[in-house]
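To start, the structure itself, in structure tokens.
The values are calculated or read from the model by the stated rules, or taken from the named source; none is laboratory data. All of these numbers come straight from a predicted model, not from anything done at the bench. Heads up, the Cβs are rebuilt from the backbone with ideal geometry, glycines too, and the neighbour counts pull from every protein chain shown. We work out accessible area using only protein heavy atoms, side chains counted, and drop any ligands, DNA or RNA first. Shrake-Rupley method; radii C 1.70, N 1.55, O 1.52, S 1.80 Å.
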Amino acid sequence: KDIASIAGVRSNQVVGYGLVVGLDGTGDQTTQTPFTIQAIISMLNQLGVTLPAGINLQLRNVAAVMVTATLPPFAKPGQTIDVTVSSLGNSRSLRGGTLLLTPLRGVDNHVYAVAQGNMLVAGAGAVSGGTSVVVNHLNSGRIPGGATVERIVPAQVGQGDEVVFEAVDADFTTSMRITDAINASMGPGTAVSTDSRQVRV
């Protein structure tokens, strides 16, 4: 595992659009971020709250965000993973916010995880007398274990008669030495080096 990995064993990226609530007046300026208003109205409709048409919401404690995460290989339903939450609009800070239930989708548009929880923002900021000081970044944060896996990502491993090893660094010498070591242990012809990275067993 230090010099090679098994082909097909890989992580997968997932992403979702959500809302962070509970901000201390540092949320999106909704007049400049109409997608935040659309998301709020859609969420409230799903919860059974119908707003009058043409209403002008002036909210300061909500921010539109993008939620990203990495599904590890062989992730199973019920397993939790960390997520990163980043501001999409003009929010000044996400500190103290809570991410509402957000589906995370893969490139095939299927939902593979669902995220929700209180955010941890490493930055800090202060304003006094027209002077502001910001330490680190206030518009992104993390939720440890904030997403629950809902769907298994199919892994193309062990589906045929071969297992393919991929060297971490493409090198013909390393590839041939892996092949020779496997053949010396398992018998001639067991492993074949196809190029500078792959060895078929």
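Remarks
- Net charge of neighbours whose Cβ lies under 14 Å from the Cβ of Val20, counting Lys and Arg as +1 and Asp and Glu as -1: +2
- Total formal charge among the other residues, if their Cβ is under 15 angstrom from that of Val168, Lys/Arg +1 and Asp/Glu -1: -1
- Dipole magnitude of segment 1-104, debye to nearest 20 (Cβ charges: Lys/Arg +1, Asp/Glu -1, about Cα centre): 120 debye
- Helix 34-46 axis, angle to the chain major axis (alpha carbon atoms, nearest 10°): 90 degrees
- Farthest toward positive dipole pole in the chain [+1 Lys/Arg, -1 Asp/Glu at C-beta], among Pro52, Met66, Ala181: Pro52
- Charges were assigned to the Cβ only: +1 to each Lys and Arg, -1 to each Asp and Glu. The resulting dipole of the chain about its Cα centre is roughly 600 debye.
- Segment 1-135, relative contact order in percent, only Cα pairs under 8 angstrom and at least six apart counted: 30 percent
- Over the chain, accessible surface divided per residue gives 60 Å², non-protein components excluded, 1.4 Å probe.
- In this structure Met186 has an accessible area near 130 Å², from a 1.4 Å probe over the protein heavy atoms.
- Rounded percent of accessible protein surface that carbon and sulfur make up, the chain, 1.4 Å probe: 54 percent
- Among the trypsin sites (Lys or Arg not before Pro) within segment 26-95, those in coil by DSSP and having at most 16 neighbouring Cβ atoms inside 10 Å are Arg60.
- Placing dummy labels 7 Å off each Cα toward the beta-carbon, the span from Val107 to Met66 is 1.6 nm.
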